[in-house]
Every structure is written in C-alpha cells, then in structure tokens.
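Step one of this worksheet: look at the structure below.
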Amino acid sequence: MTTHILRQCLCTVAVLFGLLLFTLVPIGCGRSPSDEKPQEMVLNHALATRLTGLDPGDQRNVTALTIKSQIFEPLYQYHFLKRPYQLVPLLAEDMPEISDDNLTYTIKIKKGVYFQDNKCFPGGKGRQVKTQDFVFSLKRIANIKYLSQNWSIFDDKIVGLDDFREYTKTCERREDVDYSRPIEGLQTPDDYTLVIKLKRPWPQLLTYALSDTATAPVAKEVVDFYGKDIISHPVGTGPFKLKEWRRRSYIVLVRNPTFRGEPYPGEGEPGDAEAGYLDDARKMMPFADKVVWTIIEEDQPRWFLFLQGKLDASAIPKDNWSEVITGSSDLKPEMKQRRIHLKTFLDPTTFFLGFNMQDPVLGNNKPLRLAISRAIDRKKFIELFRNNRDVVAHGIIPPLIASYEPNIKEKGYARYDPKEAQSLLKEAEKVHGGKLPTLKIAIPGTDTFFRQFGQFFKRQLEAVNLDVELDYMDGPTYWEKLHTRSLQMFASGTGATLPDAQDLLQSFYSKYWAPGANSFNYSSPEFDRLYEKIAVMFDSSERRELYRKMELVVLEDCPAAFLNHRVAYVLHHDWYKNYKPHAFAYGVSKYRRIDMKKRAEYKKLLKKVK
Amino acid sequence: MTTYIIRRLLYTIPIVFGVLLLTFCLFTLVRGDISVELAGKNATQETIEEIKQEYGLNKPLFLSWDSQFIDHFKNALTFDFGRARDRELVRDKIKRGVLPSLALMVPMFFGVLIISVSLSLVIAFVRGTKWDTFAVVVCVAGMSIPYLSFILFGQYFFAYKWGLFPVFFSPDLTRSEYVALPVLIGIAAGLGSNLRFYRTVMLDEMRSDYVRTAFAKGLTTRCVLFKHVLKNAMVPIITRVVLAIPFLFLGSLLLERFFGIPGLGYLMIEAIGSRDYFVINAMTYISAVLFVVFNVITDICYALVDPRVSLE
C-alpha cells in the first residue's frame, strides 16, 4: 500500500517536474541564437562595473570612458606604442600652432571625417565633422543647465567660456540656451580651423583636455533629437558604433562602416617588433568587426569565462592568485599549457590613508600624523591585500611618471618604525594637551575585504597604543562625507589620467578643497605658490624639479600616509594580439586583433588540459 | 462578495497613502539633501543649486501645493518615477527588468511549490519511518547551507567543470538557456525550508479526525490525500503562496548578480549600492502596492477554498 502511494506520488512529482522544465522552453522567447557570422572577429571583454551613460560631455568614470572612447574621438590621442607617452593627432590634422605667449592655439582638423550614420541626420547619413562641432561640445559642457561633471576641466581657462556659462544661468531650461552666441576664445575662421584663446597658459590643454572624449565633437542634431536620452544614443566619429546596450548586462559595438580608417602605428619603442606589436604596422584599423563587453561584477564567473576562452583577457582575482602565479611572480605551468600570457605593468596610481587637515585633532598635530605613518607596515599591507604585487608608495607620484624621484625611498617618509611612532605619539599628546582621543578611519566598503582592510589599520595603530575606531560605509556615503569634509581619516587612492604629476599634485592645492580634488583639505602657502608657478609651465627639467619639490613639501607636512602604487597583472589568451598595456588610453579596441585560428584551437586544447 | 472586495480595495487607499508618506519620509527627510552627492567631485556651489532646481529639491517639503511631497504623491500615483541617477527613465529600467526576473522566479517558484507540496504529502504519509527521518535531515541540511554556497557550487560544477549550462549570461543565449541553471539552483536551495513547512502543515492535517473517518469509510489513500488532506491544507498554503507572488517581481538578488541576469533584483541591489534613491523609491512603492493587492487576493482565496470562511 505504502509503496503504491509512494510510487504514485513520485510519479506526480516527476510529471510536475517535467512540466516545470517545459515551462522553461517558452520562456526562451528572447534572443535567437547568435547572429554572429562564422568568420566575424569579435573581441570579448568584461566590465566589473556597470555603464552609466554614453554622453561624451558628461560622466567621467573609467567604465564610461572605456566604451565612449571607442565611439568618440577627440583631437589628439596618446601614441599606442611609444614610451614615454607621446601625444599624436587624431582628429586634428597636425599638432597645433601655438602663439609665442602660449595663449592661442590654432588647430587644423582632418577633412573627410563623418559622424556615424543615425536617424537624426537627414536621410540617416552622418554628415562631415566641422570645427563648429568641437565648439558646440565645449559650449555644451559650459551650459550650467546641462550639469556636466566635466566643467571643472574648463573652469576659468578659455576666454569668454565662463561668460557663456554665466549667460546660461539666465536661461529657464537647457533647451533655451542659444549655442550660436560667439565666444572670443573659441573661434572657427573656417570649417576646418579651430582657434582657442586661453586666459593664461594651460600646459594640460593638449595632454588632458583635447585628448579627452569630453572634447570630442558632438553634432547638435543628435543633442536636439535625443534630448536627455542622448546617454543611450552615442553618435561619434570613431571606429566603432553602438549596436546594442542592454543596461546592467552587455554592450555591443560594431565596426563603423563610415569610419575613415586609421593606420596601425608603424613604429614603437625598442622591443616592440620582437614582442609582435609591429606585426600589423601600417595596416588599416580597426581589425575587429565587433566588440562585446559583458558586465560581470563577481570574480568567479569572470574567471571561469576567461578559462573557458569566452573572454580574451582578465585580471587575476585575489582568491585565484596562487592558482595562477608562482612564488617568483611567473605564470604557473598549467596556465602556460593553456597558452595564457601574463602582462605586468605599473599603474599610475597611489593609495593612501588620508588625514583631514581641517580636523581639530589631526590637522594641528603633525607628530600624530607622522606617528600614524610610521606605524603602518606597508610591505605587510601589500603582502596581505595585493599578493605582494605592488610597490611601496613613498610619495604621491608613482614611478611611471617622469617626475618620480628615484631616491625617494632613502628619504624614509614611508618607513615602518613602531618605536619612533611611539615616541612621536608622546610628542603628539603634548601638542594635543592630554590623552589623544579615539581616532576614526572611514573605510569605503562593508564586505569582507574591506573589513579585513580596516582591521589591518586598526591592529597596526593599536600596536603603538593609538585607539582607533573603524567606520565602514558604502561607497556613496563615503564620497558624500569626503566631499563635505566630515571624515577624520580615510582609506583612498588616486590615479593619474595623464603622464603629468600636476594631475596628482593638484590634490594638495588649497583652492581645490573638497568637494574638489583636495580631499585632505590641505593648505600650504609654499605649496600653493609652487603650484601656481607650475600651472602655467610646460614640460621641462625645471618643471619636473618643481614637482619633486612640491611633493617634498607635502611629505614634510604628512597629510596622508602613502601606502602603495599598483602593479597590474593581466592575463590574456595567445589569440589576443596587440595587447600592449597603456596607462592613459581608453580607445584601444581598434588596435586589438584576434588570431581566429588560435581561438578555434582553444576548445581542443581545453579538452587536452582537462 | 462584491461588497467585500470593494471594501477591501477601499482599505488599500489609506495603506497606499501611508506607504507614500513613509517612503517620502525615508527618502527625503532621513536621506537628507542629495544635491551634493549628485553633483559629484569638483562641483561648484552654483552647480549644486542647479541640481536642486532640476530635481525640485529647493521646494518646501510639505506645506505647499507645490511641495516635494505633492510631487512625490503625484509621481507615484501616475507611476512616473522620473529619471534615475544615470538619467535613464526609472520606468524604462523597471519595465526592462520585469521579464528576466519573472523568467527566473516563476519557474523557480512553481518548481519549489510543486515539488515541496507533493513530497510533503508523501512524507506526511510515511511519517515516523526512516524515509521521514531521512527527509527531515536533508531538509535541515538544505536549510543550513548558505544560499551563496549553492550558487558557487552549482556554477563551478554544472557550468564550469561539466559544461552542462552556460557560466554566465551572454547576448547570444536564449532566455531559457541562461536561466536554466539559476532556476535549478534556486529550486535546490529553496526546497529545504519549503518542504519542512509543508510537511508540518500536512502532518497537522493527517492527524485530524476527518482523515481517520475517511479511511474508516474505506476511501482510497489517494482520495484521502489529494481530495481531503490537500484541500484542507490549502489555507496555510495559499497564505504562503499568494503573499510570495509580489516578491517574484523583485527577482533574486544573488542569482541575478552571479549569473548576470538583468532583472529587478540586480537593479535593486545596484540601486542600493549606488544610492539611487529614485530607483529604490520606485521599487519600494511598487512592491508595497503589489503586496497590498495580493493581500486582498489572499483573503478572497480563503473564501474560495474554505467554505467556513465567510467574506460577509
């Protein structure tokens, strides 16, 4: 009896489970299987964070820049192969003519550059780019109603642009702004000549502003047609155009059929030919037909997809480090067997434990700040949290930047000396006028990694008898508090966006206090004087010396305990060609090529490896 | 019946108003001024003021016809939630996320329900035997294993190691292909607690007098179990099932994130992470409205399955 009932019930379960599986089939009414052509060259990438928008005039996060830079092109770009990094024309015909007083730049733009085809143009055909489009892009950023995060780049730089911004304040809506109003500092004598007049010399105009997608030409027709939805409808001049963007999921770019073509560099630095970086010299780009970015926030699936050959390149997740890298920082044989290659390169980043210099306890107590700096064992920190891959930061300027002081280590600003820390603390108590209160460190995350990270600092500081409280918070809360100067100590980092230390040193200029770049709210008349001097200086040995001097001023005052400069370890499959690391370029998909034969062989190789 | 339904629907009006008031207080008073946050790094005071103007943050909170609360009220009633922090319409975000979430949650929900109700009937019938003990041990074990472990284990073995399913969402996969493994993982992870619950419900019924009477009258076991026990166990089942339906729209936070399913669970977790109040506010409001509606449906269902419950 029992068996009979059991059998009946199990049959029922089986039938119902079958029905359940059947329900999965009609759900599959989404996309049909790949419409990828058999010989289509597809670059498969992953993004660790979602894309927020594709409007070149706004949004400055790395993810947005990575995608936008394949679609939009500014006037200049960094040479893909040459080091030290060198600026070369992109949409500009040549390097600019600069007046003797360094205030007027005359730039000729290339003819025959077209906007990508889009329904906002008559007949759907993209029109030719003119200098007026560059001016429109800059005016758009200046329009206060547009609320661009890029305005700080141009604030008080170009003659008449600030007046234009003032005028936009008087407009009711962003659509009411009259973009035909002339600006003295942005002139277009003809359709292919752009004249920019500056208020004072601006050495970063080319290396930063005009090589950034923020200044890429945008057609007014596109802005008028899409309005606020322009974030989803990028129309640029670049080698790729947007085919599909499924938010929080994937982005597909396809080759732009109206792209004018651009030759792969014909020369590089010594060793490039041997490394195969010149195999495609002078061939027309882009090589790939399609670029797919899948948004994968978790390490595990990203790593599995890379090992399955479904991603061309990947960083090494912290938890998989020992599976990939040997004790001598080389690839393990299992990885080599899979024909995976390792690339390591210096990242222009600096991580630190920052001090709010306006905090009543820390700001007026230099011995206390020095004691905290001496109490942190940076090597241990790098070993624990970065698998020993980074280098100790002795200052703000990373080794990749030309003005890096090679002997900075000997100055001992980042030395680990708990005994000295303890004696400094005694001095700090005298300055404070009694026992030091509990200090608070803000940690920008709440997950296990950040908790371990916080515990490390707590343990290090408690070892020298300093009471510390950890304040874990989510990213937005952290940034809000940082911008409103309400944190006491904060774990943070910064990266150079151009090969110029000015980008990092501005973090200490007193006019850029939070919410500006100076999160430390640091102020030094000597530093400010030097900063104002270098702000109008072009690259020279004198400027580099001043950069080093400024860094020493900062290190003496100790507004932060500098921790580490990142060294990136990236893996890629052997089919992924022209993968030369570049610290300052985002629009690099055009250089990449896939060896289709090798990619096809990987499946067989996987079976062998298994 | 109609009067009852109308009355219940009328009750929902103050509840929805309460939800609106609560969400407004949470997202406006407790949250504080978000204009600095929206302005980002290097923003000037004038940009912050413009943001206040654009988002209506410079309006009075309550005491005006043109207040922030009235805007909040109007927007919610018209389901116009404005634009998210990335300037995309919140409505579009939600619309796009509903289908993937339902594709994941509906089969998972019915899978767990069908399997656990059926097995609970069997287990209730063989109560006290080694099969029952075995089932309880398995259920407790299933409940004790963290949800994340099911995901990591399933993804590693079924997708990566054995290649039976895709590891992650990919544009060239059909929806059934990329939800299959998450659905199975969700079913496996949800079975323990559900089976335990339904087993308890069934056991309560199996011990009732009417079951003994039915057997004494010579009814078949099948008839007793499926016609009488299951029907009488319907009230707790309906309570659990109908009230779980609104949550199907919210998707599964972890499964969607690990398998790249662009559903509402993923949207919500991301909105919380990036403090996108516009999205969080919309999702909270929609969930609350769905919850209220399904509560009414639950009450109506009680009367349909149990004649002892009178709606009058």
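The values are calculated or read from the model by the stated rules, or taken from the named source; none is laboratory data. Computed from a prediction, not measured in an experiment: that's the story for all the values here. Note: ideal-geometry Cβ built from the backbone for every residue, glycine included; neighbour counts use all protein chains shown.
Here A:Thr326 fulfils each of the conditions (1) more than 30 Å from B:Asp172 (Cβ to Cβ); (2) in contact (Cβ under 8 Å) with a residue 12 or more places away in the chain apart from (2).
Contact annotation: residue pairs with Cβ atoms under 8 Å, 6 or more positions apart or on different chains, pairing a residue in segment A:471-497 that is at negative phi and without any contact (Cβ under 8 Å) to a residue 24 or more places away in the chain with a partner that is aliphatic (A, V, I, L, M) and in a helix (DSSP H, G or I), are A:Glu480/B:Val36.
Out of curiosity, is B:Ala282 modelled with pLDDT of 85 or more and within 30 Å of B:Lys93 (Cβ to Cβ)? Yes: the conditions hold for B:Ala282. Filtering segment B:174-219 to residues that are out of contact with any helix residue (DSSP H, G or I) (no Cβ under 8 Å at 6 or more places or on another chain), surrounded by fewer than 15 Cβ atoms within 10 Å (Cβ to Cβ) and part of a helix (DSSP H, G or I) leaves B:Thr200, B:Asp204, B:Asp209, B:Arg212, B:Thr213, B:Ala216. Here B:Ser64 passes the criteria (1) more than 18 Å from B:Met283 (Cα to Cα); (2) part of a helix (DSSP H, G or I) except the one numbered (2). Residue count for segment A:99-156 under the criterion of being within 16 Å of A:Asp55 (Cα to Cα), within 14 Å of chain B (Cβ to nearest Cβ) and of a type in the set (Ser, Thr, Tyr): the result is 2.
Within this structure, B:Phe81 fails the test of being of a type in the set (A, V, I, L, M, F, W, C) and either within 14 Å of chain A (Cβ to nearest Cβ) or touching an Asp or Glu at 6+ places or on another chain (Cβ under 8 Å) (or both). Tell me which residues, restricted to segment A:219-245, are surrounded by fewer than 16 Cβ atoms within 10 Å (Cβ to Cβ), in a strand (DSSP E or B) and not acidic (Asp, Glu). Answer for segment A:219-245, where residues must be surrounded by fewer than 16 Cβ atoms within 10 Å (Cβ to Cβ), in a strand (DSSP E or B) and not acidic (Asp, Glu): just A:Lys243. Candidates are the residues of segment B:38-95 that are under 28 Å from B:Gly251 (Cβ atoms), aliphatic (A, V, I, L, M) and touching a Gly at 6+ places or on another chain (Cβ under 9 Å); the one that is modelled with the highest pLDDT is B:Val90. When we screen A:Pro201, A:Pro263, A:Pro286, A:Pro257 for residues that are in contact (Cβ under 8 Å) with a residue 12 or more places away in the chain, of a type outside the set (Phe, Trp, Tyr) and crowded, with 19+ Cβ neighbours inside 10 Å, the only hit is A:Pro286.
Do we find a residue being of a type in the set (Gly, Ala, Ser), in contact (Cβ under 8 Å) with a residue 40 or more places away in the chain and outside any helix (DSSP H, G or I) anywhere in segment B:139-146? Taking every residue of segment B:139-146 in turn, none turns out to be of a type in the set (Gly, Ala, Ser), in contact (Cβ under 8 Å) with a residue 40 or more places away in the chain and outside any helix (DSSP H, G or I). A:Asp299 - would you say it is in contact with an Asp or Glu (Cβ under 8 Å, 6 or more places away or on another chain) and free of Cβ contacts under 8 Å to residues at least 60 places away in the same chain? Against the criterion (in contact with an Asp or Glu (Cβ under 8 Å, 6 or more places away or on another chain) and free of Cβ contacts under 8 Å to residues at least 60 places away in the same chain), A:Asp299 qualifies.
Scanning segment A:323-356 for residues that are touching a helix residue (DSSP H, G or I) at 6+ places or on another chain (Cβ under 8 Å), within 30 Å of A:Asp503 (Cβ to Cβ) and among the aliphatic types (A, V, I, L, M) turns up A:Leu342, A:Leu353.
How do the pairs read when you match residues in segment B:117-131 that are without any contact (Cβ under 8 Å) to a residue 40 or more places away in the chain and within 9 Å of chain A (Cβ to nearest Cβ) with residues anywhere that are assigned to a helix (DSSP H, G or I) and among the small types (Gly, Ala, Ser), using Cβ under 9 Å and keeping only pairs 6 or more apart or on different chains? Short answer, once both residue conditions are applied: B:Val122/B:Ala135; B:Val126/B:Ala135.
Table: residues versus (1) in a helix (DSSP H, G or I); (2) without any contact (Cβ under 8 Å) to a residue 12 or more places away in the chain.
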position: A:Lys426; (1), (2): yes, yes
position: A:Thr446; (1), (2): no, no
position: A:Arg451; (1), (2): yes, no
position: A:Leu504; (1), (2): yes, no
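Here's the yes/no breakdown for (1) farther than 30 Å from A:Ser152 by Cα; (2) assigned to a loop (DSSP other than H, G, I, E, B); (3) among the acidic types (Asp, Glu):
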site	(1), (2), (3)
B:Leu9	yes, no, no
B:Phe17	yes, no, no
B:Leu22	yes, no, no
B:Glu49	no, no, yes
B:Phe79	yes, yes, no
